[in-house]
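To start, the structure under review is shown below, and the notes come after it.
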Amino acid sequence: MKALVYGGPGQKSWQDVPDPRIVKPTDAIVRIDTTTICGTDLHILKGDVPAVQAGRILGHEGVGTITDVGASVGNLKVGDRVIISCIKSCGHCTNCRTGLYSHCLGDEGQSGIGWIFGHLIDGTQAEYVRVPYADNSLHRLPEEVSDEQAVMLSDILPTGFEIGIQYGRVKPGDTVAVIGAGPVGLAAIATAGLYGAATIIAIDLDENRLEQAKTFGATETVISGSSGWKEQVHALTDGQGVDVAIEAVGIPQTFEMATQVVRPGGNVANVGVHGKPVELHLEDLWIQNINISMGLVNANTTPMLLKLVAQQKIPAEKFVTHRFTLDNILDAYDTFSRASETNALKVVITR
């Protein structure tokens, strides 16, 4: 089969590789019908995730059709159309039983690490993929949900919701600032209303992304490159600051921005993947009574979010801006990596 293979920092190639096969009785083989590219893939290519070794097939998002199942797979069958969760779940370890799938203790990839596709085992930017713990790591799709909608449930929608909205403790009536209106930031914006946010402020350098943010539910927008950006945010909150500041970029400057706009007693939810150290000004923050959260998505809300997408209550299809085939995946990477020029949000890649 063909797959996108990581060759070390800055290197990737679309090449022939061996077909995946059933290794354990809990495995399934899935034919990839639709996949996409995540900002984390770009971090890998920059060398920000040293655990990813040369030769690894990239990608952790996908929708496909099961072509083979192991002997112990009981809830799925060949021919089922499924979402591949970006997080493995053995379903029976201590962490999985509490919903902490991000730290599944199953030995696939590495015990204690839930994100394994395109990281510790071969991923989804390929014609086929082996999925361990298939009964718990795949979600059967209803007919009314399209592949393009469903692939947004592999990662970005649960990530924005769980690590941004849930970890940020959003509650009814809150004012929420989302710093970074890329796909994950937009996912947080699109799901903030589920917990009753009254005002949602999108903050970004890119005016096009701020316009997009309005279609996902942002009530206000602020251009972060403007000299008075912080004053604009405070003006929208009667000078108090926001109840919840969500960082959805993954660079030191945007994390510091989040700490600058949160009100005393508020919450900072870091969603971005950071490749460099971030300075934390505890000398200023300790007296503010704020909570700072961060984490890897558990994807335990995927079934609930899937229901809402099926009922057209979350506009998952709006994330798609560009479409490619697997044979043109290098062009897809070029388009996605130049999002400020191409206005790309999510690039969808199909067979």
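The values are calculated or read from the model by the stated rules, or taken from the named source; none is laboratory data. None of the values given here were measured: they were computed from a predicted structure. Heads up, the Cβs are rebuilt from the backbone with ideal geometry, glycines too, and the neighbour counts pull from every protein chain shown. Please note that ligands, DNA and RNA were not included when accessible areas were found on the heavy atoms of the full protein model with its side chains. Shrake-Rupley method; radii C 1.70, N 1.55, O 1.52, S 1.80 Å.
Brief remarks follow.
- When residues of the stretch 191-200 are limited to those that are over 16 Å from the mean Cα position of the chain (by Cα) and surrounded by 24 or more Cβ atoms within 10 Å (Cβ to Cβ), the one farthest from TYR101 (Cα to Cα): ILE200
- Of the residues examined, ILE246 is not one that is more than 30 Å from SER89 (Cα to Cα), open to solvent by less than 40 Å² (accessible area, probe 1.4 Å) and not in a helix (DSSP H, G or I).
- Residue check for THR34: open to solvent by 50 Å² or more (accessible area, probe 1.4 Å), in contact with a strand residue (DSSP E or B) (Cβ under 8 Å, 6 or more places away or on another chain) and assigned to a strand (DSSP E or B): no
- Residue check, LYS318 part of a loop (DSSP other than H, G, I, E, B) and open to solvent by 70 Å² or more (accessible area, probe 1.4 Å): no
- Within the stretch 157-190, considering residues that are in contact with a strand residue (DSSP E or B) (Cβ under 6 Å, 6 or more places away or on another chain) and hydrophobic (A, V, I, L, M, F, W, C), the one surrounded by the most Cβ atoms within 10 Å (Cβ to Cβ): VAL178
- Any hit, the stretch 282-297, residues being at pLDDT 95 or above, under 16 Å from the mean Cα position of the chain (by Cα) and in a helix (DSSP H, G or I): no
- GLY265 meets each of the listed conditions (1) under 21 Å from THR40 (Cα atoms); (2) surrounded by fewer than 24 Cβ atoms within 10 Å (Cβ to Cβ) apart from (1).
- When the stretch 321-337 is limited to residues that are part of a strand (DSSP E or B) and of a type in the set (Ser, Thr, Tyr), the one that is nearest to GLY59 (Cα to Cα) turns out to be THR325.
- Selected residue (only one of SER146, SER154, SER111 is surrounded by fewer than 22 Cβ atoms within 10 Å (Cβ to Cβ) and under 30 Å from GLU211 (Cβ atoms)): SER146
- Residues of the stretch 82-94 that turn out to be at negative phi and either surrounded by fewer than 19 Cβ atoms within 10 Å (Cβ to Cβ) or more than 21 Å from the chain's Cα centre (by Cα) (or both), as a count: 3
- Of the candidates THR325, THR335, THR301, the single residue that is of a type in the set (Ser, Thr, Tyr), modelled with pLDDT of 95 or more and within 17 Å of the chain's Cα centre (by Cα) is THR301.
- All of GLU231, GLU207, GLU211 fail the test of being within 24 Å of LEU308 (Cα to Cα) and open to solvent by 30 Å² or more (accessible area, probe 1.4 Å), apart from GLU211.
- Restricting the stretch 124-179 to residues that are under 19 Å from the mean Cα position of the chain (by Cα) and among the charged types (D, E, K, R) leaves a set whose member that is farthest from GLN311 (Cα to Cα) is ARG169.
- Residues of the stretch 237-269 satisfying the condition of being touching a helix residue (DSSP H, G or I) at 6+ places or on another chain (Cβ under 7 Å) and without any contact (Cβ under 8 Å) to a residue 60 or more places away in the chain: GLY241, THR259, GLN260, PRO264
- THR40 vs. criteria farther than 16 Å from ILE116 by Cα, of a type in the set (Val, Ile, Thr), surrounded by 18 or more Cβ atoms within 10 Å (Cβ to Cβ) and under 18 Å from the mean Cα position of the chain (by Cα): no
- If you go through the stretch 86-102 and keep only what is free of Cβ contacts under 8 Å to residues at least 60 places away in the same chain and not in a loop (DSSP other than H, G, I, E, B), you end up with THR94, ASN95, CYS96, ARG97.
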